[in-house]
Structure formats: structure tokens, C-alpha cells
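Peer 1: Below you will find the structure I want to go over with you.
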Amino acid sequence: MKKYLMLLVMVVCFTAVNALDKGKWTGFVGDENCGVKGNNKDHAACAVKCVKGGAKPVFVVGDKVYAISNAEKVEKFIGTEVTITGSITNDVLTIDKIK
């Protein structure tokens, strides 16, 4: 019985931690090739070129790079600073809203 109770507590804690990864972040939409280097406005032309060349877009906040699960939402924002509302699970961002 104690094992099941501990398992239940662990599942509840894990769920709560994942729920905390929902929020709003401001950063740059860059490309996977450059990663953290894409965290500025001077990188916009390179990011656009790389994404057109087949690189996946990423979201860069400070020194952290997040993959984007629904990348079609950032197509017109490549190389720009944006504010994204969504959730992050295992360093993968799911976008709810972008501006």
C-alpha cells in the first residue's frame, strides 16, 4: 500500500512541475544551426537564410534554446524578438500565442 501511495505522490509532483512550465517568455526566433548566437537583432538575416535552407526554427531566451513543436506559427517571425505564451516540456516549446 505504501508503494502505491508513494507512486501517486510522485505522479502528482511530476504533474505539478510540468504545469509550472506554462507561461510567457520574450526572446528571439532563430535557427537551430546558430542557437544562442541568434539571441540578437543582428542575427536576423542569417536566421532567415538558415531556415529557408532547411534549418529548424528555435526560440532563444538568454542562453537557453528551445525547440518548437508547432514551428509553423513562427514562420513570419524568423529573426525577430517576440513574446510567446505557451508551455515548455523537456525543452520543447508549444506555442499558444505569439506577438
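The values are calculated or read from the model by the stated rules, or taken from the named source; none is laboratory data. For clarity, every value in this text was computed on a predicted model and none was experimentally measured. Cβ placement follows ideal geometry from the backbone for every residue including glycine, while neighbour counts extend to all protein chains displayed.
Peer 1: Just to be sure I understand, how many residues within segment 59-78 are touching a helix residue (DSSP H, G or I) at 6+ places or on another chain (Cβ under 7 Å) and modelled with pLDDT of 95 or more?
Peer 2: The total comes to 4.
Peer 1: State whether one or more residues within segment 55-75 are part of a helix (DSSP H, G or I), under 22 Å from Asp96 (Cβ atoms) and acidic (Asp, Glu).
Peer 2: yes
Peer 1: Moving on to the next point. Say we look at segment 12-54 and pick out the residues that are of a type in the set (A, V, I, L, M) and either part of a strand (DSSP E or B) or closer than 17 Å to Gly86 by Cα (or both); which of these is modelled with the highest pLDDT?
Peer 2: Among them, the one singled out is Val29.
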